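The values are calculated or read from the model by the stated rules, or taken from the named source; none is laboratory data. Everything numeric in this text was worked out from a predicted model, so none of it was measured. So basically every Cβ, Gly included, is an ideal-geometry build from the backbone, and we count neighbours across all protein chains shown. Side chains included, ligands, DNA and RNA excluded: accessible areas come from the protein's heavy atoms. Shrake-Rupley method; radii C 1.70, N 1.55, O 1.52, S 1.80 Å.
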Amino acid sequence: MRNSVSDHSFYIESDEEDDHQEKHLDKSEENGDGNESDSSNYSNDDDDNHNDRLESKPSSYNPAWPQSYRQSMDIYSSVPSPSLTFLGTPSLTRLGSSFLASSLTRRHTPEVLPSLHKPLISQAEEDQPPQRRSSHTLLPPLPSRRSAIKKFPDEKSVAHELPVSRQSSYGQGVLNGINVLCGVGILSTPYAVKEGGWAGLSLLFIFGLLSYYTGILLRYCLDSQPGLETYPDIGQAAFGTVGRIIISIILYVELYSCCVEYIILEGDNLSALFPNAHLNLGGYQLDARHLFALVTTLAVLPTVWLRDLTVLSYISAGGVIASVMVVICLYWLGLVDHVGTQSKETVLNLSSLPVAIGLYGYCYSGHAVFPNIYTSLEKRSQFPAVLFTSFAIVTALYAGAAVMGYMMFGDSAESQFTLNLPTDLVASKIAFWTTIVNPFTKYALTMAPVAMSLEELIPSNHTKSHMYSILIRTALVMSTLFVALKIPFFGFVMALIGSFFTMLVTLILPCACFLRILKGKTSPIQVVTCILIIIIGSISAVIGSYSALSKIIHSL
């Protein structure tokens, strides 16, 4: 898992050249000339130039864990150029190609874990002078944009090795935002209306508005100090090393829970298509749901072993298309095929409204990636517009599916509206198979950040062995199967994730970090708004989590 000697020497040479260039730039700035040689690739907007200067300054937010967060979330949230590698060290050519040819992420790099010689938490490191590092330090030092562009134009051995900008445009940022926000939660929106009634649908728009505002707060936090690039960085700036670790654990557990949801989803939908499937295994009878959950786990296991996930990340961009396709199929079945049941509809259901809170909250669980999207934008001043467009499109999709699904099935709506669809119609089959195929590309990307964070804890004398990484990833995948079989309630598990984890990550923590980091620099309106959002998020988390847990325990 360690780079070859030639690779290592290349990076050292690149870093030395980069350091020389940065010293030259710093000297130029002292003389009143702050323009960089590649300034044509940056916006002339004052806000963008300010952020570029912040980024070039040293970063002091570099604890040993998690170092892999930035890279793993870049892979999880964006669409790089395809490349395929199993556990192992990629060649320098492919590494440089993947680094330069990434079109939607500014710092995407393949998932490579070098030997780690640091403890979990290094207190002494916080006392050291700031170094020019960030959360990228898990990977080998890569050439900067200036040095990379200088070195690679003469390389013509690979056709796609072109010095493409690592910064994303407005449209690419919107695509990444939609891809992160719009997931399997769209399947449960009719069920959420069933649980809360028509009046409860207003929660979708309320949470959307609040989530958009807290996304903007994350931007203010990132701009407050140099070196802040990720959500854990913000947590450390606000609450120290403990804050960084707690926020990281919350984010990783949320991602792990989403993988459990994928296994439950596959088992439910495949067993609906093939209800008579079964298997006798060592005297144990596996019904359709258990069988397909096991088959799904075995199918995704090799994808989790991949060390370079850019192929899956490229394919997973189809998640946006898949969500739109499923909604179109739902409307086709309702308006053209006239599928539906004559079930009564409820205006307001107070008894199960807490479950709806968690389901609607789950729809906006993208804040873990918003810092990555922000720092990857070519024009960072466009971030509010990127975020607004993403939220508007996603909310329209969620609301459209919720309204049509509940009008079709009423109070008989299942936790996934695909389970209400007849299996003999063409539109139903398209919706089923789109829903089934999509998680196969998402699972490995969602589990990758969790696996990479655990691999950082491998003792330094064992990091050369790939077997430890394989064992960790295999154990994670099999554990999601175990949890999915023990708690096979898609809607209730989603409600629990949305109530507890999403409320923390989306509403409570952004406001708390904002108030702590920008203490004394906030307006009274901002303070009151943040406190109000924290109260709303806390109440929603408590009553939503209690209701979801109660229903899970009762169902067991």
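Residue check: residue 522 meets all listed conditions (1) open to solvent by 60 Å² or more (accessible area, probe 1.4 Å); (2) of a type outside the set (D, E, K, R); (3) not in a helix (DSSP H, G or I) but one, namely (1).
Here is the figure for the stretch 350-372: residues that are open to solvent by less than 10 Å² (accessible area, probe 1.4 Å) and assigned to a helix (DSSP H, G or I) total 9.
For the residues 250, 263, the requirement of being under 26 Å from residue 304 (Cβ atoms), open to solvent by 10 Å² or more (accessible area, probe 1.4 Å) and under 20 Å from the mean Cα position of the chain (by Cα) singles out 250. Checking each residue in the stretch 158-177 for being open to solvent by 10 Å² or more (accessible area, probe 1.4 Å) and either out of contact with any helix residue (DSSP H, G or I) (no Cβ under 7 Å at 6 or more places or on another chain) or modelled with pLDDT of 50 or more (or both) picks out 159, 166, 167, 169, 170, 171, 172, 174, 175. Each residue in the stretch 313-333 was checked for being surrounded by fewer than 22 Cβ atoms within 10 Å (Cβ to Cβ), at pLDDT below 90 and not hydrophobic (A, V, I, L, M, F, W, C), and 3 pass.
For the stretch 266-312, taking the residues that are assigned to a loop (DSSP other than H, G, I, E, B) and hydrophobic (A, V, I, L, M, F, W, C), the one that is most open to solvent (accessible area, probe 1.4 Å) is identified as 274. Has the stretch 540-548 got any residue that is assigned to a helix (DSSP H, G or I) and under 30 Å from residue 301 (Cβ atoms)? Yes, the conditions are met somewhere in the stretch 540-548. Looking for something surrounded by 22 or more Cβ atoms within 10 Å (Cβ to Cβ) and either in contact with a Cys (Cβ under 9 Å, 6 or more places away or on another chain) or among the β-branched types (Val, Ile, Thr) (or both) - is there at least one such residue anywhere in the stretch 454-466? Checked the stretch 454-466: no residue is surrounded by 22 or more Cβ atoms within 10 Å (Cβ to Cβ) and either in contact with a Cys (Cβ under 9 Å, 6 or more places away or on another chain) or among the β-branched types (Val, Ile, Thr) (or both). Looking across the stretch 483-519 at every residue that is open to solvent by less than 10 Å² (accessible area, probe 1.4 Å) and among the aromatic types (Phe, Trp, Tyr), the one that is nearest to residue 233 (Cα to Cα) is identified as 514. Taking the conditions (1) outside any loop (DSSP other than H, G, I, E, B); (2) of a type outside the set (Phe, Trp, Tyr); (3) touching a residue at least 24 places away in the same chain (Cβ under 8 Å) in turn, residue 454 satisfies each one other than (3). Residues in the stretch 377-399 that are closer than 23 Å to residue 258 by Cβ and surrounded by fewer than 24 Cβ atoms within 10 Å (Cβ to Cβ): 391, 393, 395, 396, 397, 399. Output the residues belonging to the stretch 231-247 that are surrounded by 21 or more Cβ atoms within 10 Å (Cβ to Cβ) and among the small types (Gly, Ala, Ser). Across the stretch 231-247, the qualifying residues are 235, 237, 238.
The rows are residues; the columns are (1) touching a residue at least 12 places away in the same chain (Cβ under 8 Å); (2) among the β-branched types (Val, Ile, Thr); (3) under 18 Å from residue 358 (Cα atoms).
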| site | (1), (2), (3) |
| --- | --- |
| 517 | yes, yes, no |
| 520 | no, no, no |
| 527 | yes, yes, no |
| 533 | yes, yes, yes |
| 537 | yes, no, yes |
| 542 | no, yes, yes |
| 545 | yes, no, yes |
| 550 | no, no, yes |
| 554 | no, no, yes |
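If you go through the stretch 405-426 and pick out every residue that is in a helix (DSSP H, G or I) and surrounded by fewer than 21 Cβ atoms within 10 Å (Cβ to Cβ), you end up with 6.
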